[in-house]
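The structure under discussion appears below in the form of structure tokens.
The values are calculated or read from the model by the stated rules, or taken from the named source; none is laboratory data. The shown structure was predicted, so the numbers you read here are calculated from the model rather than taken from an experiment. For neighbour counting, all protein chains shown are included, and Cβ atoms are generated from backbone atoms with ideal geometry for every residue, glycine included. The protein model used for the area step is the full one, side chains on, heavy atoms only, and it has no ligands, DNA or RNA in it. Shrake-Rupley method; radii C 1.70, N 1.55, O 1.52, S 1.80 Å.
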Amino acid sequence: MSAAGEPLASLIGRFLAFSGDQRRLSPHTLRAYGQTLERFDDFLARHLGGPVAGGGLAALSVADLRAYLAMRRGEGLGPASLAREVSALKGFLGWARRHERLSCDAIAALKAPKQPCRLPRAVAPAEIGQLVEVVEDAARQPWIAARDAAVLLLLYGGGLRIGEALSLTGAALPLGETLLVTGKRNKTRLVPLLPQVCAAIESYVALCPHPMAASAPLFRGARGGPLDPGTVRRAVQAARAVLALPASATPHALRHSFATHLLARGADLRQLQELLGHASLSSTQIYTAVDAAQLLDAWAAAHPRAD
């Protein structure tokens, strides 16, 4: 069967396989893309009165694509979520044009909705220390307290995403001055390890009742399996309530704090880009705005003529 006669669902499956194998998109991104494109396929079948094959993509109009987005907006999606839907459509239709010679000229005119600029919110260093202490105190067992402290300190001290931290294995031991981290799209980077972070991880390893095989997860759940990120998020959420911290104080906010605090101390943007594992410098530049916003907040709070 030619691609023109192939059902859209089949083409979507091949696009997702390509994106995972060749583009190395994360499982989370692939799952989100798959859900969007499955909804798009179902929508087109209802909107156009029947299933759409590959050859039917060329007949789609900008109005058809906007009708899909209007449906999603009516379901309560905000600008950021709609932008992700547009990204999934552009990715799929761009792949279809390049690899299957199935064109959809209408996609070029489809624009993502404008999004308000939301700056990442950092957690103050003193609050991070308190957060770690409360999480430790709430743990059921000493080794779990040490594990949770090690994870949180690694997120803040190394600027890791929570998925990067929890994907580490026993092969990282014994610890050195740097840690090899695998980030998005399987890209690796070296992250310097602060002595405090090393000490926290080593304390956890010494207390952990589960063997640290090179191929096994470094951070373990209570029963010895991989530590679930939801467990870390729930622990932080409970500690946040105790300390009356804002909802923005999440495990991922510790990565933002790492970047913001380094920049405030004079770190170079290019160096920060490498430490964070950002593919584009534009992703790192947002922290210059964060730092400026914090300076303005401090000025507004302290300057006698701020009013």
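Brief remarks on what is shown
- Residues in the stretch 73-87 that are surrounded by fewer than 17 Cβ atoms within 10 Å (Cβ to Cβ) and under 23 Å from residue 56 (Cα atoms): 1 in all.
- Unique match (being surrounded by 15 or more Cβ atoms within 10 Å (Cβ to Cβ) and of a type in the set (D, E, K, R)) among 114, 90: 90
- Residue within the stretch 236-244 that is assigned to a helix (DSSP H, G or I), of a type in the set (Gly, Ala, Ser) and open to solvent by 40 Å² or more (accessible area, probe 1.4 Å) present: yes
- Test for residue 166: is it under 17 Å from residue 230 (Cα atoms), open to solvent by less than 10 Å² (accessible area, probe 1.4 Å) and out of contact with any Asp or Glu (no Cβ under 6 Å at 6 or more places or on another chain): no
- Residue within the stretch 57-69 that is open to solvent by 10 Å² or more (accessible area, probe 1.4 Å) and within 26 Å of the chain's Cα centre (by Cα) present: yes
- Test result for residue 252, in a helix (DSSP H, G or I) and modelled with pLDDT of 85 or more: yes
- Residue check for residue 131: within 21 Å of residue 257 (Cβ to Cβ), at pLDDT 90 or above and surrounded by 19 or more Cβ atoms within 10 Å (Cβ to Cβ): yes
- When the stretch 10-57 is filtered for residues that are hydrophobic (A, V, I, L, M, F, W, C) and under 15 Å from residue 95 (Cβ atoms), the ones remaining, listed by number, are 11, 12, 15, 16, 17, 18, 25, 30, 37, 40, 57.
- Residue that is least open to solvent (accessible area, probe 1.4 Å), among those in the stretch 37-56 that are under 21 Å from residue 25 (Cβ atoms) and touching a Leu at 6+ places or on another chain (Cβ under 7 Å): 40
- Condition check for residue 18: touching a helix residue (DSSP H, G or I) at 6+ places or on another chain (Cβ under 6 Å) and open to solvent by less than 60 Å² (accessible area, probe 1.4 Å): no
- Pairing each residue of the stretch 179-200 that is more than 30 Å from residue 23 (Cβ to Cβ) with any residue that is open to solvent by less than 50 Å² (accessible area, probe 1.4 Å) and in a loop (DSSP other than H, G, I, E, B), provided the two are 6+ apart or on different chains, yields C-beta distances under 9 Å for 193/175; 193/176; 197/175; 198/175; 198/176.
- Listed by first and then second residue, the pairs with beta-carbon distance under 9 Å, at least 6 apart or on different chains, first residue in the stretch 217-238 and closer than 18 Å to residue 161 by Cβ, second among the aromatic types (Phe, Trp, Tyr) and open to solvent by less than 10 Å² (accessible area, probe 1.4 Å), are 218/204; 219/204; 226/219; 227/219; 232/219.
- Of all residues in the stretch 241-254, those that are over 13 Å from residue 152 (Cβ atoms) have Cβ atoms under 6 Å from Cβ atoms of residues that are in a loop (DSSP other than H, G, I, E, B), 6 or more apart or on another chain, in 248/121.
- When residue 34 is tested against (1) open to solvent by 50 Å² or more (accessible area, probe 1.4 Å); (2) closer than 30 Å to residue 164 by Cα; (3) free of Cβ contacts under 8 Å to residues at least 24 places away in the same chain, just one condition goes unmet, and that condition is (1).
- Qualifying residues in the stretch 182-233 (those that are more than 18 Å from residue 156 (Cα to Cα) and assigned to a strand (DSSP E or B)) - the one least open to solvent (accessible area, probe 1.4 Å): 220
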